[in-house]
Structure formats: structure tokens, C-alpha cells
1. Check A:Val183 against each of (1) outside any helix (DSSP H, G or I); (2) surrounded by 15 or more Cβ atoms within 10 Å (Cβ to Cβ) and name the one condition it does not meet.
2. Taking the condition surrounded by fewer than 24 Cβ atoms within 10 Å (Cβ to Cβ) and more than 13 Å from chain A (Cβ to nearest Cβ), does B:Leu135 pass?
3. Report yes if B:Ser166 is in a loop (DSSP other than H, G, I, E, B), small (Gly, Ala, Ser) and out of contact with any strand residue (DSSP E or B) (no Cβ under 7 Å at 6 or more places or on another chain), otherwise no.
4. Return the total of residues in region B:164-181 being surrounded by fewer than 24 Cβ atoms within 10 Å (Cβ to Cβ) and either of a type in the set (Phe, Trp, Tyr) or away from chain A (no Cβ under 14 Å) (or both).
5. Quickly run through region B:236-255 and pick out the residues that are over 18 Å from B:Thr181 (Cβ atoms) and buried (at least 24 other Cβ atoms within 10 Å of the Cβ).
6. What's the number of the condition B:Val125 fails, among (1) assigned to a helix (DSSP H, G or I); (2) among the β-branched types (Val, Ile, Thr); (3) within 14 Å of chain A (Cβ to nearest Cβ)?
7. Would you pick out the residues in region B:349-380 that are over 13 Å from B:His261 (Cα atoms), in a loop (DSSP other than H, G, I, E, B) and away from every other protein chain (no Cβ under 14 Å)?
8. Restricting the search to region A:330-351, which residues are surrounded by fewer than 18 Cβ atoms within 10 Å (Cβ to Cβ), more than 19 Å from the chain's Cα centre (by Cα) and of a type in the set (Asp, Glu)?
Amino acid sequence: MATELQPSLEDLIGIEHCKLGFFKELRQKLKELKASNKESEQRRQEIAAILDGITDIMMVLSEDLRIISVNHVFHRLLGVKNPVGRFCYDIFRGERHPCPECPAHHSFLTNTVCRETAIFTIGERNRQFEMVASPIQNPDKTQRRILIFKRDVTMEKEYQAKFYQAEKMATIGLLAAGVAHEVNNPLTSISGFAEGIKRRLSKIENKDVAGLEDIEDYAATILKECRRCQGIVQALLTFSRPKSSPFSPLDLNVVVGDTLKLLQHNILRIKDREINLRLDLCESLPLIYGDESQLKQVMLNLLINARDAVEEAGGEGSITIRTMKAGKDMVQLAVEDTGCGIPQENMGKLFEPFFTTKNVGRGSGIGLSTCYGIVKEHCGEIIVCSQVGNGSHFVVKLPVNPEQQREQPV
Amino acid sequence: MQATKFAIPEIIFGRGSIIHVAQCAKRLGAKRVLLISDTGVERSGWVERVMDILRENSVEWVYFNEVNSNPRDYQVYEGFEVYTEAKADVIIAIGGGSPIDAAKGIAILAGNGGRINDYEGANRVMRPLPPMVYLPTTAGSGSDMSQFCIITDVARQLKMSIISRSLVPNISIIDPLILLTKSQELIIASAVDAFSHAVESYVSRIASPFTTHQALLAINLIIPNLMRAVEDRSIEALEQLSIASTAAGMSFSNAGLGAAHALAHSLGGMFDVLHGLVHPVLLPEIMRFNTPACPEKMGTIGRCIIGDRKCPDEVAALEGIERLQEFFTELAVPVRLRDILPDQSSFERLAGAAVGDACNLTNPRTAGKDDFLAICERAW
């Protein structure tokens, strides 16, 4: 230390050292400040860009849940003019007190990150939000703040529900295929033996055997029911493992027309009265690619259901069949009825196999599930809207070019 | 010849020039100045005078006077606190070496922060100091000219030399009228100090034509004027001593000092003796010690004292020293070391400290510890 302090002759002369002036200092300070200002401005812009990139609602709240600042998403979604200084619960709920489930409140209490989901009505629409509240660490602990993110998860939840549905259908489909396969073999035996009995009966025709007519009758019934069962099994197999027969260009209007020709006289009648059927077909409908017979089956199922719904509602009612373009790449087929409608609790089960509300003997419960499988195979979508007492509305959306749809999964 | 440097403050010289103090401070950007002085200067009324001038010019001030002769490190901290609390800008000091050195210490902390001993040594001040305006009240210390600042480190019991060109004040106002109120003792002590500055810087290893000229001017002015100034306080004589002191200050600030000041600093660090009164004791012995190293220059000094005489330089030098000692005796100040020290027990430490002093560096003849011991013994 002592030697370090020891100056030299050169130090005393100090050629390189002069009286330091404030001007130089000031200029340096200015330069430094400008540089650091530029740097912090750049950083600010970067951070602003990052914040602008956030698509969630972002708010900073004070301890009494007043809004201190919000991001542009807040303005865009809520359109509240001057949110700063107002209470969060006032803006989102129109309440005078904090909401009991408020994550910001919990976050303040526990000083931890809190999550919560809640439904807010925004612009007359219910939207589901996932909220994350995290305390902002402030070096001076005097004013605590909370940062809140609100993410609109309405769409996600819808997709999630669809995904669960698809998952369930796939599982049930496998089960159904297994059951159908196993049932098919004994069914064939039963049917074969019933045929045998019928043949034997014809050989002993002239002999007077008591109850012979009854036996003939029984055998015929067995065969009839066997055929019915085979039909069901076939339908089940179609639903679960649809044959991928080569698709061909199709006009959806032709499918509608052909199906109606087949059915009009048999099915679209209730107690000898024709159902009021309206057709609203788009004339310039683009062609789709698909399996004509399968799509006819879909059409058929939807029509039968509509007819049954109208009948259930007393027979007075109408069915409307529409075809139209849906966006650039889709066409849709809608079957609307003014029938009894579907109760809310049944909506989730509509496409499950064997789910039916019809009387025993009227429906097997695999019609809609078959439809679901077919539409899925066509890369399409089937949507139901229904209101009890007012009727139901089934929409089948099909892509104009399913191959393209496959490459770009939604 | 090595490159040298000559740096001095702006100098305002003349009777009554104290009147310019407020304008000078204002020109340097003063809104609220820190005014530093000591109780001695207060008693003579000059602090009041400066305050009046500041008031008349609407310059605010805060006043700090906790300064001893040989200013202490803690006094610098106290002064710095006053400066910071008052949010002062320009520093004005009026006084002898002590208030001015204290002011320099405060200025270093104001511009650079830290502890004052961080800056011990040469050129360790890295940031600008607040503007400084100094008014010397003793024709001697030269602190109002110099790049030196001497602060006593209480814990280590030594005088720290802080050397930096930034310590040269912005403006030095030298008003000979101020000397009129000085005590006889103070006038002598200051003049002897100035004489010592002149002699040591004249023979310094880094003396330049610009410093030697000033040194000789001081030497030539002090001997004839000191007696007159002491005897009848003639303003003319006091004015000449002011010029001499200023000239000596210009010289030693740029050329440095020598062994006499190195020993004087070690003495001042251990014993609280008036700096100026150490030189009549030490200077003649140091001059004797230095003569073999620079006979020509010492001869020149000798002839300044005894008058032009045709003789070898060494003879003129030694005769000059003899005459100088007689002169000091006539002034009735202590001339032997035994007059100011209780015993010789401190010689070892004194010599050791003197060897390490920055002033020893420029002494024309290298002085080791043994040399200092011998000098002390001869001066006893």
C-alpha cells in the first residue's frame, strides 16, 4: 500500500493530468445519459412489443382491486373507455364488492400465484376465462400490486368437449365392432337352423300335426328377427369400420333427391297424412367427394328422426331440407323439423350407439352413431341445435375437397 | 531536459481585491456556497466581511469553521456533510493553509465521494471538483496556489499529501490588506514557510525556468521585507510578502518541495506544531545537507541573502545559511529542535516518516533515514 501511494517525479509533474472541469464531466454525462436513454427506450419498445404480442387480457391491480393499467386486448375485448382507477369487479361483473372466487384477492392474501376459471358476460355472450393472478415483486414493499392475465378459453373448451366426444365415440366404436362381430356368428347359425326348420316343415306339409302352423309361424318370426339383427350388426360394422370405398364426385342435391324418391311414400307419412316437406336447395352447389350410398344412409337417418320427432309432437309440423355453401370449402346439408326437440340432458349422448328415446321396436339407437361415423369418414362435421317443443336442426357440413382437408387438419 | 508543467489558478491580486469574491463565485455558477474559515480569521473580522459581500451580491452561503491548524480527516468529513446537506455548489475558503487545505479535502469528497485517504498520493482524484475560490490570509502557505493538500490522518498520526492538478483552485484572491490584522507570530511563521517553499522548490529535481524565476523572486522579496513587516506592519512590506508568498506558491506547486518539508510534515503529524515555525529549525540544516548536490543553486541563494560576492558557490551558500540562521534568531522564533520537542525519543519515527513523504522525492540530494536522523541531531 505504501509503495503504491508513493508518487514518482513524473506523478508530481503530472503532464497527463490536468484540472478536471465540470464541462467535460457534463458532456460525458450527457453522452452516457443519451446512450442509456436510447438503450432503455429500445428495451421499452421491445417489452412493449412483447406485451402487445400477448393475446390475453392483462391488468395490474392495486390492493383494493382498482385497475392501475391494462393492455390493448382489454380495450379491444371490453371496450371500456377509462378503466384506470375503476374497480375490477365493477367492470367485469357490475358488482359493488369483490367476487368471492377472485384470484387477485387470494394472491394478495397468500402472496402466491393463483389460478381460477370463471364465466363473464361480455357483449351479451358468455365467455369462459382462465385467470392467473401473480403478485408483482416491488422493491419498496409499500404498494403491493397484482398482475392478472385473463385468457378467453371459450373456444378451447368447445374443442375440448368435441375432442372428448370423438374419443368416446372411437372407444365405443371399437367395442361395438367387437360385439357385432361376435354376435354375427351365432346369428348366422340361428338363421341357418331356422331356415332348416322351415325346409323340414315344408316336407311334412300334408301330415296333420298339431301346432304345425304355429311352428311355421315361429320359424318365420325367427328368420325375420334374424334379418333385423343382421341389419343392426351390419349397421354397427358400418359405423365403427366404415368401408373406404373409393369416393366419387357427388352433387349433394342429387343425394337429397334420390333419397326422397325412395322414401316419400313410405316414411314421410303419419297416419295417412303427408308431412309438410319443404325443400330449399342451393342450385350452384359445388360438388363434393364421397360415397353416395353412405351419404344417402345419413340423409335417411336424419329424415327418419325428423319424422319421428314431428310425430312425437302430435303430427302437425314440417320438415325443411336445405343445402347451401358454407364458407369457401364446405357445403352443408340441413334437416330441420318442428318436432318435439331434444332435451338438454340428451344432447351429449345423441351420437352414442344404442342410445335411443324411441319405443322398443321403433329404433335401434344406432342411426345417428352410424351417421357420425360416415360424416367423420368424409372429413365432415355434424352439428345439432335443438330446443324442446320447437324442434331440432341437424347440419351436416362436408368439405368440397376432403383430401385437402386431410392434409390441413383443423 | 524533461518536460515540465506550470499550472496556476487565476490570480486576482491587489489591495481590497476581496470585494470580488462574490462575483467570482457567481461566475463559477454559485447559488449557495460553502464558506470555510476558522475562528482566528473570524476574530479578525474577515469572515464577516466575506459574508457581507456575499449578502450584497445575493449569494447564499453555509458556513463551516470546525478547522484546526493542521486540519484533521474527521474535520473534512464534517465539512463534507455540511456541503451535502446544504446542497452547496462553489467552495470559498478564507484563511491560512489549514482552512484552505480542509476546503480542498471537502472538495475532493464532494466531487469523488469515498474516504479522504483514498486519495493519498499523486493523481488519484479522477472526477472534477466543485469550483473553488480561495483567499489566503497568511502570506505563506501557498495552498491557494498549489496542487497540494495536506490532511492529518488521525489514526495513523501522519500528514497525508494529496497531490492533484484538480486541487489548484479556480480563482485565488490575494488581498494584502488582510495581512494587516495578522499577529506577528503568524506573519513570521507564514513568511518563513514561504521562504522555505521558495528555497526547496528552487533546488528541486523538477524545477523549471518558470518555477526558478518565481522562487528567486520570493527569496529576494522575503529577507528585506519580513523585518519591516514585523516591526511597523508597513502595508508596502506586507504587500511584498504577499507577492513573495504567491510567487513561492507558483514555484512549489509545480516544482515540488524537498527534505525540509518532508521532515516538517512528519513533525506536524506527530506533534501539533505550527507548520511555519518548524522551518527556522530545519531549513538551515537541510540546506547544508543539500549544498553538495547543487552548489551552484545554493550559491545563488546564498548571494541573495548576503549580497553579491565574489567567492566559490559553496562558500556563498554556507555563508548565506549562517546569515539565515542569524536572521531567524533575530526574529525571536525557536531555532533549535529542542525548543519544540520534549526529547529525542521520536527521532526514529520522525526520520522514518520523512523518508516516505512525497516531498522527499524532489529533494536534490537523496535523503535516507540515517540522513534525516543526522539532520535532526544537528538541529537539536
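The values are calculated or read from the model by the stated rules, or taken from the named source; none is laboratory data. The shown structure was predicted, so the numbers you read here are calculated from the model rather than taken from an experiment. Using ideal geometry, Cβ is built from the backbone for each residue, glycine included, and neighbour counts are taken over all protein chains shown.
1. The single condition A:Val183 does not satisfy is (1).
2. The answer is no for B:Leu135.
3. So B:Ser166 fails the test.
4. Final tally of qualifying residues: 4.
5. If the condition is that a residue be over 18 Å from B:Thr181 (Cβ atoms) and buried (at least 24 other Cβ atoms within 10 Å of the Cβ), then B:Ala244, B:Thr246, B:Ala247, B:Ala248, B:Gly249, B:Met250, B:Ser251, B:Phe252, B:Ser253, B:Asn254, B:Ala255 are the ones that fit.
6. B:Val125 satisfies every listed condition except (1).
7. Listed by number, the residues that qualify are B:Arg365, B:Gly368, B:Trp380.
8. none
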